[in-house]
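These notes concern the structure reproduced below.
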Amino acid sequence: MSKFATGVTVITTLDPSGNPHAMTANAFTSVCLDPPTLLVCVAHNTITYGYVEARRRIGVNVLREEQEELGMYFARRPEHREGNPEYSYTFDARNVPELDGSMVFFDCEIVGAHVYGDHTIYVGEVREMKRSDEGAVPLMFYDSHWYHPGHE
């Protein structure tokens, strides 16, 4: 699977206290356009899994090339996150945290879930979508490394 280049997303939701929680995910894809629907896969051994199960609403933030540090930060379990990258959230009308500066943001309501092995495949119907400037370049992951095709 490392030979398949992917974009990088950060999944956002709220913890039980109403605080933003985030995790990096590259298991993400479009499902259909009508209605606009996507899927993300979340491992059962993550804190995020419990929060998504309880809340049933997520944000999917497509990272831009300049956000590699955030991709690395949110890829770690919360207790292993080191450093202090600068980031902030904006809350949309449905109280879903949007990671400021993301290339694209999708506010999704979970409309389906399929447990397979140690992950759940969540199907999210897009309720809102925001795009940043058109000149943004996506952050990519390839061969187990952060990948910048425009610079390599």
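Coordinate-derived values only; no laboratory data. If you're wondering where the values come from, they're calculated on a predicted model, not measured in any experiment. Note that we place each Cβ from the backbone using ideal geometry, even for glycine, and neighbour counts take in every protein chain shown.
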Can you give the charge dipole size of the stretch 7-73 about its Cα centre, rounded to the nearest 20 debye, using +1 on the beta carbon of Lys and Arg and -1 on the beta carbon of Asp and Glu?
300
Summing -39500 (n - 2.57) over the DSSP H runs of n ≥ 4 in the chain and dividing by its residue number, what mean residue ellipticity at 222 nm do you reach, to the nearest 500 deg cm²/dmol?
-3000 deg cm²/dmol
Residue with peak Gaussian network fluctuation, the chain [Cα springs, cutoff 10 Å], from 101, 112, 135:
135
Using +1 at the C-beta of Lys and Arg and -1 at the C-beta of Asp and Glu, which of 85, 122, 25 has the Cα lying farthest in the positive direction of the dipole of the chain?
122
Label residue 17 and residue 2 with points 7 Å out from Cα along Cα→Cβ: what is the distance between them in nm?
3.7
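Less than 11 Å Cβ to Cβ from residue 83, Lys/Arg counted +1 and Asp/Glu -1: what total charge do the surrounding residues give? Kindly include the intermediate steps, with their values, before the conclusion.
Details: positive: 76, 81; negative: 69, 82, 86.
Surrounding charge for residue 83 is -1.
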Within the stretch 102-134, name every residue whose backbone N is under 19 Å away from a label modeled 7 Å from Cα of residue 45 along the Cβ vector.
115-121
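For the stretch 81-152, what is the charge dipole size about the Cα centre, in debye to the nearest 20, if Lys and Arg each add +1 at the Cβ and Asp and Glu each add -1 at the Cβ?
Values: 5 positive and 14 negative charges, 32 e Å.
Charge dipole, the stretch 81-152, about its Cα centre: 160 debye, nearest 20.
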At q = 0.16, 0.21 Å⁻¹, the log10 of I(q)/I(0) for the stretch 1-140 from a Debye sum over equal Cα scatterers comes to -0.80, -1.49
Among 70, 113, 147, whose Cα sits farthest toward the positive end of the charge dipole of the chain (+1 at Cβ of Lys/Arg, -1 at Cβ of Asp/Glu, about the Cα centre)?
113
Karplus-derived HN-Hα couplings along the stretch 55-64 (A = 6.51, B = -1.76, C = 1.60, θ = phi - 60°), whole Hz, x at Gly and Pro
8, 6, 8, 9, x, 10, 10, 7, 7, 8
The size of the Cβ-based charge dipole (Lys, Arg +1; Asp, Glu -1) of the stretch 6-151 about the Cα centre, to the nearest 20 debye, is 380
By how many nm would the segment from residue 80 to residue 127 lengthen if fully extended, with 0.36 nm per residue of separation less the alpha-carbon distance?
13.7 nm
Report, by chain and number, residues whose modeled amide H sits under 5 Å from the one on residue 140, excluding near sequence neighbours (fewer than 5 apart, same chain).
147
